[in-house]
Every structure is written in C-alpha cells, then in structure tokens.
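Contents: one structure, followed by commentary.
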Amino acid sequence: MHTVTIVGLGLIGGSAARDLRRENVATSIIGVDQNPAHAGAALALGLVDEVLPLQEAVEKADVVLLAVPVNAIGALLRPVLDLLPEHATLIDFGSTKSALCGQVRQHPKRGQYVAAHPIAGTENSGPAAALEHLYKGKTNIVCEREASSGEALATAMALFEALGLQTVFMDAETHDKQLAYISHLSHVSSFVLSMTVLDAEKAEKDIFALAGSGFASTVRLAKSSPAMWAPIFEQNSAYLGQAIEEYITILKQFQEHLQSGNTAILYQMMEQANKIRPVLEGKAKTPAL
C-alpha cells in the first residue's frame with residue numbers, strides 16, 4: 001500500500017490512521033472530513049498528512065477507507081466507487097452490512113469493494129478520541145467476500161493484519177441479525193437505562209451520589225454518539241426490533257415474578273443468565289479464526 005485515504009477522522013478513522021502510520025503501511029495518509037474542526041485537529045495530531053476534498057482524495061488513493069456513520073457510508077458508497085481508480089481498493093467500516101452490500105451489488109466496480117466491520121470502539125468520538133492499538137486482537141467481520149476480487153481482498157487483509165484485527169467471514173444478513181443482539185441491543189439498553197435514571201433523578205436529587213462502578217459500567221454506552229447510533233438502529237431496525245421484543249418479553253417475565261414474590265424463579269432466571277460467564281471467558285481465551 002502507498003496512499004491511504006480515510007474518510008471520517010474521528011475515533012474509528014483516526015485510530016486506523018495511527019496504527020497504519022505506526023506499522024508503516026501507508027507512505028501517505030490523506031484525510032477527508034466535512035467538519036473543519038475535526039479536519040484541523042486530525043492534522044494537528046498528526047493523524048493525516050493532508051486533508052483534501054473527497055474527489056481529489058479518492059483519485060489519489062490506493063486504498064480508501066470509509067469510517068463515517070452508516071448513513072453517510074450509504075450516501076458515499078456508490079459515488080466513491082464511481083471515482084475509485086482501477087487499481088484501488090475501497091473498504092468500509094460500517095456497523096451494518098445488508099443495505100450497504102445490496103446497494104452496490106450490481107456496480108461495475110463491486111469487485112474493488114470490501115465490506116468490513118471491525119468490532120472495536122469506545123463511547124468517545126472525534127479525532128482526539130483516536131487510540132493506538134484500538135483494533136489489536138479485535139474481531140473483524142468481512143461480508144460477501146466472494147463479491148470482492150482477489151486483489152482487493154488481499155489488500156484489505158493486509159490492512160486488517162496491520163491493525164491487529166482477526167477476520168472472520170459471513171453473509172450480510174447473518175451479520176446484521178447477530179450484531180442486533182450482541183451490540184445494538186446493548187446500546188439500546190444502556191440508552192434506555194440512562195433515560196430511566198435521569199427521569200428518576202428529577203424527583204430524587206441525590207440519586208447519582210449513590211451510583212457505583214456497576215451503574216457506571218452499565219450506562220457507559222449511553223455516552224455513545226447519537227449521530228453514529230441512530231443510523232445504525234435505522235438500518236438494522238427489523239433485526240433490532242425483533243431483539244428488543246424478545247428482551248421486553250423476558251424483562252416482563254422478570255417483573256411479574258418480582259411482583260408475585262417468586263424469588264425462587266428469579267433465582268433460576270439469574271442462574272440461567274450466569275451461563276453466559278463461561279461463554280464470554282471462553283471467547284476471551286480463544287482467538288477468532
């Protein structure tokens with residue numbers, strides 16, 4: 001790789017820039033960001049060598065990485081493919097995949113596109129939130145690899161390896177369904193819990209003085225950017241809606257047993273929930289293939 005253009009210079013794009021520079025993967029990193037303050041901060045922090053308009057940045061690139069919210073990726077995907085040089089590879093880091101893959105399935109340059117989703121991030125945003133090693137050891141999902149050319153896939157895999165990602169492959173529909181449960185639903189839960197406690201705080205002024213580390217860790221995701229997550233929820237509304245419905249069903253069961261004084265059944269439900277412990281501990285010990 002020589003010139004990498006990163007569209008979106010916040011946490012995701014900025015962190016990728018840090019690691020690609022550290023690993024000497026890119027001889028030049030060009031940034032694109034519609035927010036002038038973000039563009040200036042990315043330059044000042046040394047995340048990119050220069051900031052250019054989208055068309056010029058794409059036409060100069062060997063690799064283009066789209067690291068913006070999924071609604072912006074959706075708006076950019078076809079235009080960027082249209083501009084992409086014949087030798088170049090386009091990669092997106094969006095958190096949903098079905099709609100994105102679907103809209104370029106018939107594009108003449110579809111082979112130059114690799115649909116990826118590195119499962120990494122924090123609740124922070126903007127260029128100052130960019131971290132080295134954000135992606136190291138994290139799972140990366142590539143969808144519809146059969147639609148990408150061998151050359152594009154090899155280029156993308158080299159980039160993923162430089163970032164420290166461990167890549168798995170699946171179809172776009174499976175990706176969106178599974179992420180609805182393991183990622184998107186947890187963000188909904190955190191947002192809703194935060195709203196619930198904020199409403200209670202109006203009547204109970206000292207409630208936050210009692211909050212401990214458990215509460216802080218549970219609502220940490222509620223600090224995530226609405227500009228990022230609202231489009232994710234919109235694009236994955238069918239699978240996320242299904243996940244929320246199932247979540248509400250179990251929550252109502254818990255409430256009913258609580259109000260009926262069925263402590264033994266509540267105990268059994270919590271024991272059932274505890275079964276996730278070995279699953280998570282096993283995942284932590286076993287590298288993704």
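Please report the relative contact order for the chain, taking Cα pairs under 8 Å with a sequence separation of at least 6, and give it as a percent rounded to a whole number.
For the chain, the relative contact order is 17 percent.
Which value in deg cm²/dmol, rounded to the nearest 500, describes the helix-derived mean residue ellipticity at 222 nm for the chain, given -39,500 (n - 2.57) per DSSP H run of n ≥ 4 and division by the residue count?
Details: 13 runs with 149 residues, N = 289.
Only helices count here, giving -16000 deg cm²/dmol.
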*So, in nm, how far is label Gln268 from label Glu59 when the simple model puts each one 7 Å beyond its Cα toward the Cβ?*
6.9
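Based only on other Cβ atoms within 10 Å, what is the fewest-to-most ordering of Val7, Val32?
Val7, Val32
Using DSSP, restrict attention to beta bridges with both residues in the chain and report what percent are antiparallel, rounded to the nearest 5. If you can, show how the numbers build up before the last one.
Values: 4 of 27 bridges.
Antiparallel bridges: around 15 percent, rounded to the nearest 5.
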*Report the full-extension gain for the segment Arg105 to His133: residue separation times 0.36 nm, less the Cα-Cα distance, to one decimal in nm.*
6.8 nm
*asked:* Which one, Asn24, Asn140, Asn274, has the greatest fluctuation when you compute a Gaussian network model over the chain with C-alpha springs under 10 angstrom?
replied: Asn274
_From phi via Karplus (6.51, -1.76, 1.60), per-residue ³J(HN,Hα) for region 42-58 in Hz, x at Gly/Pro_ = 5, 5, 5, 7, x, 5, 10, 8, 7, 10, 10, x, 3, 4, 5, 5, 5
_At R0 = 51 Å, FRET efficiency that the Cβ-Cβ distance of His2 and Asp199 yields, to 0.05_ = 0.45
*Ranking Asp19, Asp33, Asp49, Asp82 by Cβ neighbours within 10 Å, fewest first, what do you get?*
Asp82, Asp49, Asp19, Asp33
*Using a cut-off of 14 Å between beta-carbons, work out the net charge of the residues near Ala120 (Lys and Arg +1, Asp and Glu -1, Ala120 not included).*
0
*Counting all C-alpha pairs of the chain, share separated by more than 26 Å (%)*: 49
*So between Val192 and Glu123, what do we pick up on full extension, going 0.36 nm a residue minus the alpha carbon distance?*
23.3 nm
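With 11 Å as the cut-off, how large is the P(r) tail for region 4-47, expressed as percent of Cα-Cα pairs?
59
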*R0 = 25 Å: FRET efficiency of Arg78 with Leu280, Cβ-based, nearest 0.05?*
0.05
_Proxy reagent accessibility, fewest Cβ within 10 Å first, across Thr196, Thr139, Thr155, Thr96_ = Thr196, Thr139, Thr155, Thr96
_Going 7 Å from the Cα of Arg220 along its beta-carbon direction, which residues of region 154-194 have the amide nitrogen within less than 16 Å of the resulting point?_
183-184, 186-191, 194
*Given a cut-off of 21 Å, name the pairs among Lys97/Lys138; Lys109/Lys177; Lys138/Lys177; Lys97/Lys177 whose C-alpha atoms lie farther apart than that in the structure shown.*
Lys109/Lys177
*Taking the C-alpha atoms of region 111-253, how large are the radius of gyration and the largest Cα-Cα span, Dmax, in Å?*
18.4, 61
*If you project the alpha carbons of region 3-170 onto the principal axes, what extent comes out on each, in Å, largest first?*
40, 33, 28
_Options Ala88, Asn274, His175, ranked by Cα towards positive dipole end of the chain, top entry (Cβ charges)_ = Asn274
*Report the charge-dipole magnitude of the chain in Debye, nearest 20, computed about the Cα centre from +1 at each Lys and Arg Cβ and -1 at each Asp and Glu Cβ.*
460
_Give me the one-decimal nm value for the distance between modelled label points at Glu50 and Ile250, 7 Å along each residue's Cα-to-Cβ direction._
5.3
*Given springs between every Cα pair under 10 Å in a Gaussian network model of the chain, which of Val279, Val188, Val168 has the largest fluctuation?*
Val279
*Can you give the % of DSSP beta bridges in region 3-170 that are antiparallel, to the nearest 5?*
15
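Would you mind telling me the antiparallel percentage of the DSSP bridges in region 109-190, rounded to 5?
Given both bridge residues lie in region 109-190, the antiparallel proportion sits at roughly 45 percent.
Coordinate-derived values only; no laboratory data. Values in this document were obtained by computation on a predicted structure and should not be read as measured data. So basically every Cβ, Gly included, is an ideal-geometry build from the backbone, and we count neighbours across all protein chains shown.
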